[in-house]
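Below is one structure, written out as structure tokens; the observations come after it.
The values are calculated or read from the model by the stated rules, or taken from the named source; none is laboratory data. Everything numeric in this text was worked out from a predicted model, so none of it was measured. Positions of Cβ are generated from backbone atoms using ideal geometry, with glycine treated the same way; all protein chains shown enter the neighbour counts. The accessibility values were calculated without ligands, DNA or RNA, using every heavy atom of the protein model including side chains. Shrake-Rupley method; radii C 1.70, N 1.55, O 1.52, S 1.80 Å.
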Amino acid sequence: DAIPSADQIRITTSLKSQRGSVWTKTKSIFEHWEVEVTFRVTGRGRIGADGLAIWFTEEQGLDGPVFGAADKWNGVGIFFDSFDNDGKKNNPGVIVVGNNGQLLYDHQNDGSTQALAFCQRDFRNKPYPVRVKITYYQKTLTVLINNGFTPDKEDYEFCARVEDMVLPSQGYFGISAATGGLADDHDVLSFLTFQLTEPGKEVPTPDAEIPQKDKEKYQEEFEHFQQELDKKKEEFQKEHPDVQGQPDDVFETVSDRELRQIFEGQNRIHLEIKQLNRQLDMILDEQRRYVSAVTDEIAKRGAGVPGQQGQVSQQEIETVVKTQEEVIRQVNEIRNSMADTLRLISGAQHPGSAAGVYETTQHFNDIKEHLHVVKRDIEHLVQRNMPSSEKSKCPDLPPFPSCLSTMHFFIFVAVQTVLFIGYIMYR
């Protein structure tokens, strides 16, 4: 049921009981390889089925019951399973299953008894295409995934790894998909294969592109299949007029999908703010130790420098101490603001809480103002006009463990704020 075109291949359409696959014509002889796959899985249903699979097998599995491809394969399959057959609520997920040609895939348990690696990722109905990078190098298979939330093509995150994995020395690459009682459109936009070479080895020459005649043939086939698909849809609607009145809870509207994506973004902000809150606690502890060190220096200088010169130095150091105390107070205010923000985000994650979203935006603005004040005070402290010989030697701060830069955090907050306000105005 696959429909090819010049720019993508629709492996299956959003009709029930469809399956299709695409395979390379010749075997790959790469010892080490990497594939980058770009695809979309879209559907009106809140739940999709069945899923999509990426293959490297000794023989082509042109047709079969495993996501549209043959069972008992010899090689590896990376399954993007969107339907929860075993009822464990761990779908959509990515499953890595190896096979030596004797194993029957366990559909009822979503392959959990046979999985070599697993990660839970939602790849349906994303704003941007989902990207997957699969690397096989020195008997280690690694799966990285770009979840489709950002246009950044290199924004990959770790999904799964299988070590000591032996695959056939030669095999076919393929991609397949299938639908069941529920249905999604499974579209593949690109499938790039690379040969990996060890350092010092000669790099192979690239192969030629697809001939223009083949491209034209694929385009004609796509248009022909598209016309047949439109006819099938019209015939199905005429034969099943009662299906058009399905209950609303089976499908999600465009606004529901946008709202769900906003809530997923809220969850990400929630986690990032919790991480930033922990880092602010560490800054607060370091500032307290710094104030303690400066206070000790005041006591030493007060005892060792007589006369008016000692008084001037002590006044300057007292000013430094006051500035540091002000920094500590502002950091405490930031921490309190973040605690309130976390509470408001938790409330805003329930439908209909537009006021919570507005207050959350206000708190984000407060956080930015507090951080600007802290930055200005610290710069003022560094530029204080003291002779270099009289500056107190402060202990070096330990390395700051940052999982998120300040600039990226504010850019992310600003984008979310614009989305919140735009969505509220749209509603």
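List of remarks:
- Euclidean distance of C-alpha centroids, segment 135-158 and segment 407-427, integer Å: 27
- Placing unit charges on the Cβ atoms only, positive for Lys and Arg and negative for Asp and Glu, gives segment 1-124 a dipole magnitude near 480 debye about its Cα centre.
- Accessible carbon and sulfur surface of segment 3-202 relative to its total accessible area, %, 1.4 Å: 48
- Coordinate range along principal axes, alpha carbons of segment 3-202, Å, largest first: 51, 40, 32
- Pairwise FRET efficiency - D155 versus R329, Cβ, R0 = 41 Å, nearest 0.05: 0.65
- Neighbourhood net charge (12 Å Cβ-Cβ; Lys/Arg +1, Asp/Glu -1) for N267: 0
- Distance from segment 82-120 to segment 1-60 (C-alpha centre basis), Å: 17
- For H186, net neighbour charge (Lys/Arg +1, Asp/Glu -1) across residues whose Cβ lies under 13 Å away: -2
- Accessible surface for segment 3-202, divided over its residues, is 45 Å² per residue with a 1.4 Å probe.
- Ranking W55, W23 from most to least accessible surface, computed with a 1.4 Å probe over the protein chains only, gives W23, W55.
- Net charge contributed by nearby residues that have their C-beta within less than 14 Å of R288 (K/R +1, D/E -1): -3
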